[in-house]
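To start, the structure itself, in structure tokens.
The values are calculated or read from the model by the stated rules, or taken from the named source; none is laboratory data. In this text, all values refer to a predicted model and were calculated from it rather than measured experimentally. Quick reminder, even Gly has a Cβ in these numbers, built from the backbone with ideal geometry, and neighbours come from all protein chains shown. In case anyone asks, the SASA skips ligands and DNA or RNA and just uses the protein heavy atoms, side chains included. Shrake-Rupley method; radii C 1.70, N 1.55, O 1.52, S 1.80 Å.
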Amino acid sequence: MIQDLEHLVKLQGIDLRIKEQELAKEQYPAAVADLKKRIAQAEAAKNAAALRLEQLTGGIKDMDDQTAKLRDSLAKSEERLSSIQTNKEYDAVHREIETQKSMLASSVGRKDNLEMDIERHKNALAEAEKALESVIAELQPQIDDLNAKIGAIDSVIAEITKERNEVSPLISNATSRTYDSIRKKCKTGKAVSLVNESKKCTVCNMVLRPQLFNEIRRGSNFKICESCGSMLIWDVAAAPVQ
């Protein structure tokens, strides 16, 4: 029976490795999606900065066209002054000229502000592009590594399963049935608890009754934990049975 239990402990180690790979198969795609999302967010920020800069740059032409029209109108109004014959008409054209000059000055000022705004957004775009490059440089290798692991998981599980197939037949049918039954009910897949001098179940951390502890310590058979239902086995590696 002692050898049976030793094989059982080895079997659980193999099964936990298989479960670890199965969990990774579930978790890795989510991790890849999260990393890709972070890259997409940085790319969206860069694209938004580029779009805003394009919009502002496009506004320069409209403003130049508007300024050119104002200059043309002002020149025509000033030209009219030379042909004016009445004071009333002179005053009207003069007010028109002053209004046009004010509008022109305002247009020039808005263009100056727009050009400064464009420079700020050029800097913002450059920073967004740099941030995107940095994020890609940091995260893409992680994505590639996870994708490689995802692609290799099935073959890794297959190799570990070969080990299981070698160990499983070495365990008695009764012990195997008990182990498989408990393992299927346990979310962690840990059906065996290796007990040591701490006198606790290492699965649920419950302190064992003295009589139960002594029976387990003899190492001749397994017992069932009264709290979590795991198979209690003496940990000969921690403290061999005297």
I'd like to know how segment 1-130 sits against the 2.2 N^0.38 Å rule of thumb: what's its Cα Rg over that expected value? 2.55
Along segment 174-182, Karplus-curve 3J(HN,Hα) (6.51, -1.76, 1.60; θ = phi - 60°) to the nearest Hz, with x for Gly and Pro, reads 4, 5, 4, 4, 4, 4, 5, 5, 5
Equivalent ellipsoid dimensions for segment 114-242 as semi-axes, Å, which come from the Cα gyration tensor, largest first: 55, 21, 13
Which shape class applies to segment 1-57: rounded if a/c is under 1.5, otherwise prolate when a/b exceeds b/c and oblate if not, where a ≥ b ≥ c are the square roots of the Cα gyration tensor eigenvalues? prolate
Magnitude of the Cβ-charge dipole (Lys and Arg +1, Asp and Glu -1) of segment 23-139 about the Cα centre, nearest 20 debye, reported as 220
For segment 78-210, with +1 on Lys and Arg beta carbons and -1 on Asp and Glu, the positive-most of Leu114, Ser155, Val93 along the dipole: Ser155
Between Asn165 and Cys186, the FRET efficiency computed from the C-beta separation at R0 = 22 Å comes out, to the nearest 0.05, as 0.50
Over the heavy atoms of Cys228, what accessible area does a 1.4 Å probe trace out, to the nearest 10 Å²? 60
Taking the inverse of the average 1/r across all pairs of different Cα atoms in segment 23-84, what Kirkwood radius in Å do you get? 16.5
Given a 1.4 angstrom probe, I'd like the percentage of the accessible area of segment 1-157 that is carbon and sulfur, rounded to a whole number. 52
Might you report the magnitude of the Cβ-based charge dipole of segment 87-162 about its Cα centre, with Lys and Arg at +1 and Asp and Glu at -1, to the nearest 20 debye? 220
Segment 86-171: C-alpha gyration tensor shape, a/c 1.5 cut-off, then a/b vs b/c: prolate
Surface per residue (accessible, 1.4 Å probe) for segment 1-98, Å²: 67
Tell me the mean residue ellipticity at 222 nm calculated for the chain from its helices only (DSSP H runs of n ≥ 4, each -39500 (n - 2.57), averaged over every residue, nearest 500). -28000 deg cm²/dmol
Excluding ligands, DNA and RNA, the carbon-plus-sulfur percentage of the accessible area of segment 176-234 with a 1.4 Å probe reads 49
Distant-in-sequence amide H partners of Val192 (H built 1.01 Å from N, under 5 Å): Met231
Phi-based couplings in Hz for segment 167-173 (Karplus 6.51, -1.76, 1.60; Gly and Pro marked x): 8, 3, x, 7, 9, 4, 4
For a test of the definition: using alpha carbon positions, the gyration tensor, and the 1.5 limit on a/c, classify the chain as rounded, prolate or oblate. prolate
Cα centre as origin, Lys/Arg/Asp/Glu Cβ charges: the chain dipole, Debye: 1420
Phi to ³J(HN,Hα) by Karplus 6.51 cos²θ - 1.76 cosθ + 1.60 over segment 193-201, Hz, x for Gly, Pro: 10, 8, 8, 10, 5, 5, 6, 10, 6
Using only Cα atoms, what Kirkwood radius does segment 78-119 have, in angstroms? 12.0
As I understand it, the dipole of segment 104-242 uses +1 on the Cβ of Lys and Arg and -1 on the Cβ of Asp and Glu, about the Cα centre. Which of Leu208, Ser193, Ala237 lies farthest toward its positive end? Leu208
Counting other Cβ atoms within 10 Å of each Cβ, which GluC sites (Glu not before Pro) in segment 140-205 have at most 12 and sit in a DSSP loop? Glu197
